[in-house]
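The values are calculated or read from the model by the stated rules, or taken from the named source; none is laboratory data. Just so it is clear, the model here is predicted, and its values are computed rather than measured. Neighbour counts run over all protein chains shown; Cβ positions are idealised from the backbone, glycine included. The area values use the complete protein model at the heavy-atom level, side chains included, leaving out ligands, DNA and RNA. Shrake-Rupley method; radii C 1.70, N 1.55, O 1.52, S 1.80 Å.
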Amino acid sequence: MKILPRSAFGQTVLLIGFLLFINQIVSYISFAIYVFDPHQQQINQLLAKQVRVVFIDIDDAKLSPKMAQAFHNETGIGVYREEDAIKHGLASAAYFPYRSEQMSLLLGGEAEVRISDGNEYLFWIRAPQAPHLWVKIPLSGMEKGNFNPLIFFMVVIGLLSVMGGWVFVRQLNRPLKSLEIAAEDVGRGDFPEPLVERGTSEIMAVTQAFNHMSKGIKQLEDDRNLLMAGISHDLRTPLTRIRLASEMMQDQDGFLKEGIEIDIEDMNNIIDQFIDYLRHDSKDKAELGDLNVLVDEVLNVERPSDRVITFHPGECPKIPLRHVAVRRALANLVQNALRYTSGEIDVFTGVENDYAFFIVSDNGAGIPDADIERLFQPFTQGDTARGTEGSGLGLAIIKRIVDTHGGKVELSNKSSGGLQAKVSLPLKF
């Protein structure tokens with residue numbers, strides 16, 4: 001299972017979120033180093049100075065009552081022995097190791113700092129000048145701050161940043177999505193109108209190059225259609241004259257006449273296959289249709305009286321079909337099975353994953369596994385198992401039709417003997 005997104009859109013949004021998270025951490029650390037820590041050091045220095053002032057009049061570690069009373073009246077600072085300090089709130093104060101360490105450095109000896117935050121925010125300090133005494137120093141403005149507005153502000157900034165990145169990347173990817181759809185249309189033989197050149201300069205350059213490519217491919221398609229029409233006309237005309245001449249032959253040349261007619265018929269079939277391969281019904285528009293009905297219609301036409309073809313229809317929803325092209329592909333598969341085998345033929349339909357399929361299965365000699373992929377190439381035949389008739393374009397025509405349809409075709413040898421051809425067509429075009 002992949003956790004990270006694969007698309008550029010998802011990766012960009014994730015990157016923005018990650019960078020924002022790192023920025024928040026760096027901001028927090030910077031605040032702690034350059035604002036919070038200096039502020040705490042200032043407070044520690046202030047407290048240390050006050051502690052020194054408290055113990056100015058100490059002689060042999062004995063507190064001057066006059067000095068203590070004066071400080072207590074004017075500043076609220078009190079000096080207590082430990083038992084009295086416990087009664088005044090020392091017991092509920094929390095020990096702070098870091099502040100104690102800093103205070104020890106400032107006072108020149110081991111000191112201890114405790115802080116209580118009840119009704120008053122109080123610092124309790126045991127100084128090295130009088131280890132048996134505790135100095136209580138109240139400070140105003142040291143109450144714990146409410147960080148909820150700051151957290152809310154950071155969350156809002158994060159969401160706005162991610163949303164802004166999402167909108168930006170979405171606008172950036174919109175021309176790419178149009179380019180993807182147009183490329184799929186060209187791959188199926190449909191040539192859309194030139195795409196609007198918009199977006200960044202790089203995407204505009206790619207769109208412009210695609211428009212030029214699409215225009216060039218369309219021109220090649222038009223030239224090919226013109227060539228197809230010329231081949232059809234120029235070759236069939238002399239063949240027609242040859243057929244007329246053969247009809248005028250004498251009866252004693254009947255065997256020669258029959259051979260000429262067979263050759264003419266074969267040449268016409270080969271020309272038809274060339275035209276089918278070039279054309280592959282790219283102008284045939286996909287429409288919702290019932291695959292079972294289409295298969296039944298083809299079998300009613302192609303089924304000979306002396307052969308058994310059994311149709312096993314499965315549950316199939318209506319799918320987008322280029323009817324003429326799919327009919328031709330199925331008819332070619334059935335004709336191949338009839339031509340190269342002598343047993344029964346089975347045809348199946350059904351649905352698998354996101355594809356509807358039909359299968360033509362025979363009981364012939366099959367094809368070597370190493371030759372299966374090669375048979376989809378033009379002018380290739382399975383000579384050993386299937387014979388040498390035809391131009392070798394039959395499976396190439398089928399594959400071209402299925403690829404144009406957005407599907408896939410597979411050949412496989414059955415374990416019980418024979419060949420199985422499976423054509424899968426997408427449920428959504």
For this session: May I ask you to say which residue of Asn211, Asn269, Asn225 is modelled with pLDDT of 75 or more and part of a helix (DSSP H, G or I)?
Result: Asn211
Problem set entry | Filter pass, Leu122 being under 30 Å from Leu172 (Cβ atoms) and either modelled with pLDDT under 75 or not in a loop (DSSP other than H, G, I, E, B) (or both) | no
Exercise. Restricting the search to segment 297-316, which residues are assigned to a loop (DSSP other than H, G, I, E, B) and open to solvent by 50 Å² or more (accessible area, probe 1.4 Å)?
Worked result: Arg303, Ser305, Asp306, Val308, Pro313, Glu315
For this session: Find the residue count for segment 317-326, including only residues that are surrounded by fewer than 20 Cβ atoms within 10 Å (Cβ to Cβ) and over 29 Å from the mean Cα position of the chain (by Cα).
Result: 2
Seminar exercise, completed: Within segment 47-81, restricting to residues that are assigned to a helix (DSSP H, G or I) and surrounded by fewer than 13 Cβ atoms within 10 Å (Cβ to Cβ), the one that is modelled with the lowest pLDDT is Pro65
For this session: Could you tell me which numbered condition Val196 fails, if it satisfies all but one of (1) part of a helix (DSSP H, G or I); (2) at pLDDT 80 or above; (3) hydrophobic (A, V, I, L, M, F, W, C)?
Result: (1)
For this session: Collect the residues in segment 329-363 that are over 38 Å from the mean Cα position of the chain (by Cα) and open to solvent by 20 Å² or more (accessible area, probe 1.4 Å), keeping them in residue-number order.
Result: Gln335, Asn336, Leu338, Arg339, Tyr340, Ser342, Gly343, Glu344, Asp346, Asn363
Seminar exercise, completed: Scanning segment 103-119 for residues that are modelled with pLDDT under 85, among the polar types (S, T, N, Q) and surrounded by 13 or more Cβ atoms within 10 Å (Cβ to Cβ) gives Ser116
Exercise. In this structure, is Phe96 out of contact with any Ser or Thr (no Cβ under 8 Å at 6 or more places or on another chain), of a type outside the set (S, T, N, Q), open to solvent by less than 50 Å² (accessible area, probe 1.4 Å) and at pLDDT 65 or above?
Worked result: no
Seminar exercise, completed: When segment 199-208 is checked residue by residue, the ones that are in a loop (DSSP other than H, G, I, E, B) and either among the acidic types (Asp, Glu) or surrounded by 12 or more Cβ atoms within 10 Å (Cβ to Cβ) (or both) are Gly199
